[in-house]
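Peer 1: The structure is given below, and queries will be raised subsequently.
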Amino acid sequence: MLNISYLEPTYFQQLYWILSSFCYAFISGSIFELFGGTPQLGMVGTGAIALVGTPLCLYLFYAAVLKGNAETEEDDKKFLGGR
């Protein structure tokens, strides 16, 4: 039986990707509402979501990439045996 469990991302990496994509959806929806007319939450509420969500989305995306790179390096050291 082939063991490929080391290829699966960890829970936190998956969580970072999911939260990042949700933040991106909130940001894009807020921007469309801001430029499309009268926002349902008002200009301040919708602008606040877009303003706070943008750096949060970028941070979560960056954290997921860093976590994936760290896991890849750890797996390389483990399976290549220090070569």
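The values are calculated or read from the model by the stated rules, or taken from the named source; none is laboratory data. This structure is a prediction, so every number in the text was calculated from the model and none was measured. We place every Cβ from the backbone using ideal geometry, glycine too, and count neighbours over all the protein chains shown.
Peer 1: Considering only residues that are closer than 20 Å to residue 23 by Cβ and more than 16 Å from the chain's Cα centre (by Cα), which ones fall in segment 44-83?
Peer 2: Result: 44, 45, 46, 47, 48, 49, 51.
Peer 1: Taking interchain pairs and intrachain pairs at least six residues apart, which have beta carbon atoms under 8 angstrom, with the first residue in segment 43-62 and in contact (Cβ under 8 Å) with a residue 40 or more places away in the chain and the second aliphatic (A, V, I, L, M)?
Peer 2: 60/19
Peer 1: Which one of these does residue 1 not meet: (1) modelled with pLDDT of 85 or more; (2) outside any helix (DSSP H, G or I)?
Peer 2: Looking at each condition in turn, residue 1 falls short on (1).
Peer 1: Further question: Considering only segment 15-27, state which residues are farther than 10 Å from residue 49 by Cα and not β-branched (Val, Ile, Thr).
Peer 2: Filtering segment 15-27 for residues farther than 10 Å from residue 49 by Cα gives 15-22, 24-25.
Scanning segment 15-27 gives 15, 16, 17, 19, 20, 21, 22, 24, 25.
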